[in-house]
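Working notes, beginning with the structure itself.
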Amino acid sequence: MTTDPYDLPDVSGLVVGVLGGTGDQGRGLAYRFARAGQKVIIGSRAAERAEAAAAELGLGIEGADNATCARRSDVVIIAVPWDGHAATLEALREELRGKLVVDCVNPLGFDKKGAYALTPEEGSAAEQAAALLPDSRVTAAFHHLSAVLLQDETVEEIDTDVMVLGEKRADTDIVQALAARIPGMRGVFAGRLRGAHQVEALVANLISVNRRYKAHAGLRVTDI
């Protein structure tokens, strides 16, 4: 018996934590999930910063230090800067034990030619997360979203697909269902974590697209 790939679980009752929730991408994701009716907690190294960001966003969003955010959340999105990725996860290994972790970090460098992809020793940010969090259920998603569109209150729908990678179908189904909570967005399974590097790296290409066309480009996968 095959499982219908479009049959996704009800995730409306899950608490979503966003580590790095005071940055542009984290704030944008927190706003969109809260706007869709999800309970959201923003995490930051300083609880005061998280609380201030949560108060600005409203929608019942709460702010807390990273450890408290991780403990209180069912699903934890990692949206910290790449240069703080490893240290953040190492410090939260116990708090993230057993949690569904969604890594959306893009390892990028910038020079006079523009953005380019970095290759972590583990292969990708998501694989680094999996190595650092052996007792967590690590997935990868939400890499290709425009922080500008996510934070723009006048934008009703985000017209994009979200590539979701992970090792267990039950986990990737949850992340796909979370993506679908945001109007206009769809989660698409895109393979195991070993394929995360090219998904993360594609952000460098999207940055080039956006600069040339003065756009906030996303991705759509056809024929599914």
Looking at Ile42, Ile78, Ile61, which one is in contact with an Asp or Glu (Cβ under 6 Å, 6 or more places away or on another chain) and either on the phi > 0 side of the Ramachandran plot or touching a residue at least 24 places away in the same chain (Cβ under 8 Å) (or both)?
-> Ile78
Which of the residues that make up the stretch 126-159 are closer than 20 Å to Gly195 by Cβ and aliphatic (A, V, I, L, M)?
-> Ala126, Ala129, Ala130, Ala131, Leu132, Leu133, Val138, Ala140, Ala141, Leu145
Hey, among Val155, Val162, Val138, Val209, which residue is under 18 Å from Asn106 (Cα atoms), free of Cβ contacts under 8 Å to residues at least 12 places away in the same chain and out of contact with any Pro (no Cβ under 8 Å at 6 or more places or on another chain)?
-> Val209
If you scan the stretch 1-21, which residues turn out to be at pLDDT below 95 and either surrounded by fewer than 24 Cβ atoms within 10 Å (Cβ to Cβ) or among the charged types (D, E, K, R) (or both)?
-> Met1, Thr2, Thr3, Asp4, Pro5, Tyr6
In the stretch 167-214, which residues are in contact with a strand residue (DSSP E or B) (Cβ under 8 Å, 6 or more places away or on another chain) and on the phi > 0 side of the Ramachandran plot?
-> Gly184, Gly191
Given the conditions (1) part of a helix (DSSP H, G or I); (2) free of Cβ contacts under 8 Å to residues at least 40 places away in the same chain, report the number of the one that Ala130 does not fulfil.
-> (2)
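Which members of the stretch 109-127 meet the condition of being touching a Phe, Trp or Tyr at 6+ places or on another chain (Cβ under 8 Å), assigned to a strand (DSSP E or B) and touching a residue at least 24 places away in the same chain (Cβ under 8 Å)?
Within the stretch 109-127, just Tyr116 meets the criteria.
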For the stretch 82-94 the number of residues that are in contact with a helix residue (DSSP H, G or I) (Cβ under 9 Å, 6 or more places away or on another chain) and closer than 25 Å to Val162 by Cβ is 6
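The values are calculated or read from the model by the stated rules, or taken from the named source; none is laboratory data. Everything numeric in this text was worked out from a predicted model, so none of it was measured. Note that each Cβ is placed from the backbone with ideal geometry, even for glycine, and that neighbours are counted across all protein chains shown.
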